[in-house]
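The values are calculated or read from the model by the stated rules, or taken from the named source; none is laboratory data. What you see is a predicted model, and the numbers here were worked out from it, not measured in a lab. Neighbour counts are summed over all protein chains in view; Cβ atoms, including those assigned to glycine, are modelled from backbone coordinates with ideal geometry.
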Amino acid sequence: MRYLPLTDADRKAMLSAIGVPSIDALFKDVPKAARIEGLLDLPRLQGELEVERALGAMAAKNVAAGSVPSFLGAGVYRHHVPAAVDHLIQRGEFLTSYTPYQPEVSQGTLQTLFEFQTQVALIMGMEVANASLYDGATACAEAVMMANRVTHRKKAILSGNLHPHYRDTTATYGRFVGYETVLADPDPAGKENLVSRIDGETSCVVVQNPGFFGELRDHTALGEACHKAGALLIVIVTEPVSLGAVKPPGAMGADIVAGEGQALGMGLVFGGPHLGLFATRDRFVRQVPGRLCGETVDADGRRGYVLTLSAREQHIRREKATSNICTNSNLCALAFSIHLALLGEAGFTRLAAVNHGKAVQLAERLAAVPGVSVVNDGFFNEFTLRLPKPAAPVVEALAQRRILGGVPVSRLHPGRAELASLLLVAASETNTEADMSAFASALTEVLR
Amino acid sequence: MSDWSKAVSGFKSEGKEGPTMSGSRGLQEEEPLLFEQDAPGRTGVDLPEPPAVKSRLGGMARQGAIGLPGLSEPQVVRHYMRVSQKNYAIDTGIYPLGSCTMKHNPRLNEKVARLPGFADIHPLQPVSTVQGALELMDEIARWIKMLTGMPAVALSPGAGAHGELCGMMCIWAALDHRGEHRKRVLVPESAHGTNPATAAACGYAVDPIKADAAGRVDLADLKAKLGPDVAAFMLTNPSTCGLFERDVREIADMVHAAGAYFYCDGANFNAIMGRVNCAELGIDVMHLNLHKTFSTPHGGGGPGSGPVVLAESLAPYAPVPWVVHDAGGFRLVERKDGEAKMALGRIKGNHGQMGMFVRALSYMMSHGADGLRQVAEDAVLNANYLLASLKDELTPAFPGTCMHEVLFDDRFLEGTGVTTLDFAKAMTDEGYHPMTMYFPLIVHGALLMEPTETESKDSLDRFISVVKGLARRAKAGETDFFHAAPRLTPRRRLDETLAARKPVLRWRPKPGERQAAE
């Protein structure tokens, strides 16, 4: 076996050094009934070529988004990832190291985490960010639990325009962890008023910007109402590229920002692994879930970095920890950070401008298709169309014409007749003129 | 622009204290932060002019600068190359962190995970366009069920601790369905910190179970603490002491007799894969760490993936999504509804860590049934070889052989003035990543070593001779040598107290430099 360096001669010599007659002697504590004698009914060892061929055949059964005009978003966005990103994250020193618990020999990971935390705080307009969480949906649930700890309250109000996966995940956690979630109805027009629902029990209000339906809203007044009632404002960002063009949550008075970093550096990967982003205000830092990297000095007075404030974490606090989280999404955080480092201020703001421009062009084209209208007033790179018929079969028909033409809202909000004809459509720098024309004419045909 | 020499080293620019003017040492290059290499307007990505359109941002345009630094591609590549070289990695040497399973990460896995048919598919594409992805999920589920002997698996948890949460939620939901609201979860003192943290997250009071003199679960203590208000017993097997709980079946029976569920932390499944049927151990639920047992890269701390295997009694509560294979092909059940009406709901966005599934399946298929069994055997053999080779110089915590990891305590350092921490730091000077230290908590000054099956005998022999040599230096009274260690690493001991007392968690421009809009 190509990954196993021990030879049979080694094994024999080692058994003799240990002083046991056979390998079975080292498994003597396993109860007889649970021992597997012989081999399981699974395929045997295979070479690289055979494995690559078999997995390649499975991969070939999927339609890669890049092989067709693709306009899917709904929390996962397709952007061009510069070649250097994937090259650098495959450096063995990054790829195959463990959590940096030995800082003297982990400064690479730690310095990049410190830079990542800074980048996240800057784009969100917040003071401090953590070293990442699993994904946006779990980061949302963690944000609510942190708000509960800060306010000593147990009721979260979730916007109707929060991504349904985030709503569901946060509600599931609530059922088991023990907090209440108030779910506002989906509101494609973006006019919901959550201020009236805040009361003395409310720990936080969770909104998303841009919203699930693509709409943009300034939540400053909502934040003020939260603060007046002793609650926190949590703003979710599922498309970080928007922050190159749109007013950031920090400028709206957000207390916690959580979100998904996938759009920068990662690609689609069928939804995971992705990257949970988490930022807040300095005064709440000791309530933050997950890992934090901080600056310090070494014995020679040289600047260096360590994981810090670990008195919040499970490996120190056990059942008293702020979260049970151990792993972050470190390599994804690195990819995000390298992509953003390559873009820089100029590239990031231009990328956002290109995305917005493409989306405006696409919205204009699609709104010209008979029977189709754009639901949102303002948007960034994603918007909602109202079709003259249910959206799900339209998307299937488009797929048959080899166009991935958006996400039917009914896939994520099933059983709501009023949403059945809504289609979420995203555009990015990856979409060409030809893609947009193909989409518009296919949609015209399908709706005819 | 910033003052490089200060930024990189903290040395005075005259370089009086340092051996070099640059702060670098030979091939060890000092590297400032990205933010200290900024030139406004510079970029490493060329993009077209934005389309000339009328803005639809409403009044929501961003005001003012963000504060991101501008670097070109050569600067960015050099930056990350330089900082990468300050990391220890399994690619550079043995990484004997006990219970963390730092094994070789095959590059084939990275290659297949990047096939566009896996890496470039959207989770919400029509299922007719992702049949191969669902087939892959179904296939890795088949391997996991066969390897563990368990009938069902939930794939979506994002990491081991998330898998624990999922498993405890399944138990909570099953008890709730029975109309029972039990209050306590029993956890051995030797458990990983995530076990009690997870139980507490689900609202349970955590009751610790003692270890006996041999490092195993104290059955009398377990019996005394079991009762009608106990929801579950969480056991890591093989344990964090590197021991197989030989009374596991009896433990399972006791737990079940109390009406509670038996949770197994499968972090150490790599030691028993292909040799032990977990269903026969009486386990109701167990998470696996694909990044430990099945070689997906740790990436400096994630992403992980933590599938959870379930007994028939808990399977209906598995979180959505479910992959179902029927006459029409593969489909996804995405809602807690219909056939999944008992499901505990959704615990994560999308469908799980697909990129990790591809890598882990590639690993499983490469080894096959025969190779995976050999993995467990070689992992156990390597650990016992370390034990046999070091037992006269170090002090094993418990008598007898071990499983895939070996636990020493710090009796061999008694009276030397050298602590386990000092010993570990001296190992880093020798070019080795230390073992897990001070864990499990039931052993004084613990040193927990897990070599894994991907170390050669030569590699182990070199490691053994260094550890023995250091133990002799400690016993010979070279205390100062250990207290000063490490000397040769990219940084010497870091002031963690300072970091926690005055947290500096991000870079900020110095007064007078370009300010970000906050």
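Out of curiosity, is B:Lys111 over 21 Å from the mean Cα position of the chain (by Cα) and either more than 30 Å from B:Leu33 (Cα to Cα) or more than 7 Å from chain A (Cβ to nearest Cβ) (or both)? Judged against the criteria, B:Lys111 is a match.
In the set (1) surrounded by fewer than 19 Cβ atoms within 10 Å (Cβ to Cβ); (2) farther than 21 Å from B:Val130 by Cα, the condition left unmet by A:Leu387 is number (1).
Of the candidates B:Thr416, B:Thr395, the single residue that is hydroxyl-bearing (Ser, Thr, Tyr) and in contact with a Phe, Trp or Tyr (Cβ under 7 Å, 6 or more places away or on another chain) is B:Thr395.
Kindly provide the set of residues from the stretch A:98-128 that are outside any helix (DSSP H, G or I) and more than 7 Å from chain B (Cβ to nearest Cβ), ordered by number. Of everything in the stretch A:98-128, those that are outside any helix (DSSP H, G or I) and more than 7 Å from chain B (Cβ to nearest Cβ) turn out to be A:Tyr101, A:Met126, A:Glu127. Within the stretch B:339-357, being in contact with a Lys or Arg (Cβ under 9 Å, 6 or more places away or on another chain), buried (at least 22 other Cβ atoms within 10 Å of the Cβ) and more than 7 Å from chain A (Cβ to nearest Cβ) holds for one residue alone: B:Ala343.
When the stretch B:477-487 is filtered for residues that are hydrophobic (A, V, I, L, M, F, W, C) and either modelled with pLDDT under 95 or within 29 Å of the chain's Cα centre (by Cα) (or both), the ones remaining, listed by number, are B:Phe482, B:Ala485.
Looking at A:Ser373, A:Ser421, A:Ser410, A:Ser441, just one residue is over 30 Å from B:Pro74 (Cβ atoms), within 22 Å of the chain's Cα centre (by Cα) and among the hydroxyl-bearing types (Ser, Thr, Tyr), and that residue is A:Ser410. Within the stretch A:343-394, the only residue that satisfies the criterion of being modelled with pLDDT of 95 or more, within 23 Å of A:Arg416 (Cβ to Cβ) and at the interface with another protein chain (Cβ under 7 Å from one of its Cβ atoms) is A:Phe379. For the stretch B:477-499, a residue qualifies if it is without any contact (Cβ under 8 Å) to a residue 40 or more places away in the chain and either among the small types (Gly, Ala, Ser) or more than 9 Å from every other protein chain (Cβ to nearest Cβ) (or both), and the qualifying residues are B:Glu478, B:Asp480, B:Ala484, B:Ala499. Scan the stretch B:376-425 residue by residue and report those that are polar (S, T, N, Q), under 18 Å from B:Asp461 (Cα atoms) and in contact with a strand residue (DSSP E or B) (Cβ under 8 Å, 6 or more places away or on another chain). The answer is B:Asn384, and nothing else. Of all residues in the stretch B:63-75, those that are at the interface with another protein chain (Cβ under 7 Å from one of its Cβ atoms) and free of Cβ contacts under 8 Å to residues at least 40 places away in the same chain total 5. For the stretch A:260-279, the criterion of being out of contact with any Pro (no Cβ under 7 Å at 6 or more places or on another chain), surrounded by fewer than 24 Cβ atoms within 10 Å (Cβ to Cβ) and within 12 Å of chain B (Cβ to nearest Cβ) is satisfied by no residue at all.
Taking first residues from the stretch B:368-387 that are at positive phi and at the interface with another protein chain (Cβ under 7 Å from one of its Cβ atoms) and partners that are surrounded by fewer than 24 Cβ atoms within 10 Å (Cβ to Cβ) and not small (Gly, Ala, Ser), the Cβ contacts under 9 Å between residues at least 6 apart in sequence or on separate chains come to B:Gly368/A:Met1; B:Gly368/A:Leu39; B:Gly368/A:Leu42; B:Gly368/A:Pro43; B:Gly368/A:Arg44; B:Gly368/A:Leu45; B:Gly368/A:Gln46. Close contacts from the stretch B:27-46, counting a first residue that is at the interface with another protein chain (Cβ under 7 Å from one of its Cβ atoms) and a second that is assigned to a loop (DSSP other than H, G, I, E, B) and among the hydroxyl-bearing types (Ser, Thr, Tyr), with Cβ to Cβ under 9 Å and a gap of 6+ residues or different chains, come to B:Leu33/B:Ser2; B:Phe35/B:Ser2; B:Arg42/B:Ser72; B:Thr43/B:Ser72; B:Gly44/B:Ser72.
Residue check: A:Pro393 meets all listed conditions (1) crowded, with 23+ Cβ neighbours inside 10 Å; (2) free of Cβ contacts under 8 Å to residues at least 24 places away in the same chain but one, namely (1). Would you check if B:Ala232 is hydrophobic (A, V, I, L, M, F, W, C), at the interface with chain A (Cβ under 10 Å from one of its Cβ atoms) and crowded, with 24+ Cβ neighbours inside 10 Å? No; evaluated as a whole, the condition is false for this residue. Selection over the stretch B:337-354 of residues that are under 19 Å from A:Tyr173 (Cβ atoms) and under 30 Å from the mean Cα position of the chain (by Cα) gives a count of 11.
Does A:Glu127 qualify as being crowded, with 24+ Cβ neighbours inside 10 Å and among the acidic types (Asp, Glu)? When the stated conditions are applied, A:Glu127 does not pass them.
Listed here are the residues, each with its yes/no results for (1) in contact with a strand residue (DSSP E or B) (Cβ under 7 Å, 6 or more places away or on another chain); (2) charged (D, E, K, R); (3) surrounded by fewer than 18 Cβ atoms within 10 Å (Cβ to Cβ).
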| site | (1), (2), (3) |
| --- | --- |
| A:Pro43 | no, no, yes |
| A:Glu48 | no, yes, yes |
| A:Val51 | no, no, no |
| A:Ala57 | no, no, yes |
| A:Lys61 | no, yes, yes |
| A:Ala64 | no, no, no |
| A:Ser67 | no, no, yes |
| A:Ser70 | yes, no, no |
| A:Gly75 | yes, no, no |
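If you go through the stretch B:438-476 and keep only what is within 9 Å of chain A (Cβ to nearest Cβ) and modelled with pLDDT of 95 or more, you end up with B:Glu453, B:Thr454, B:Glu455, B:Ser456, B:Lys457, B:Asp458, B:Ser459, B:Leu460.
Does A:Thr444 qualify as being touching a strand residue (DSSP E or B) at 6+ places or on another chain (Cβ under 8 Å) and among the polar types (S, T, N, Q)? No: the conditions fail for A:Thr444.
Residues that are more than 7 Å from chain A (Cβ to nearest Cβ), without any contact (Cβ under 8 Å) to a residue 12 or more places away in the chain and surrounded by fewer than 20 Cβ atoms within 10 Å (Cβ to Cβ) occur at least once in the stretch B:331-338. Here A:Phe383 meets each of (1) free of Cβ contacts under 8 Å to residues at least 12 places away in the same chain; (2) under 24 Å from the mean Cα position of the chain (by Cα) with one exception, condition (1). Would you check which residues across the stretch A:149-169 are more than 14 Å from the chain's Cα centre (by Cα), under 12 Å from A:Val206 (Cβ atoms) and polar (S, T, N, Q) and list them? Selection gives A:Ser159, A:Asn161. Looking at A:Ala65, A:Ala83, can you tell me which residue is touching a Lys or Arg at 6+ places or on another chain (Cβ under 6 Å), under 25 Å from A:Leu343 (Cα atoms) and either of a type in the set (Gly, Ala, Ser) or more than 7 Å from chain B (Cβ to nearest Cβ) (or both)? Result of the check over A:Ala65, A:Ala83: A:Ala65. Restricting attention to the stretch B:146-179 and to residues that are more than 9 Å from every other protein chain (Cβ to nearest Cβ) and farther than 14 Å from B:Leu314 by Cβ, the residue that is surrounded by the fewest Cβ atoms within 10 Å (Cβ to Cβ) turns out to be B:Gly179.
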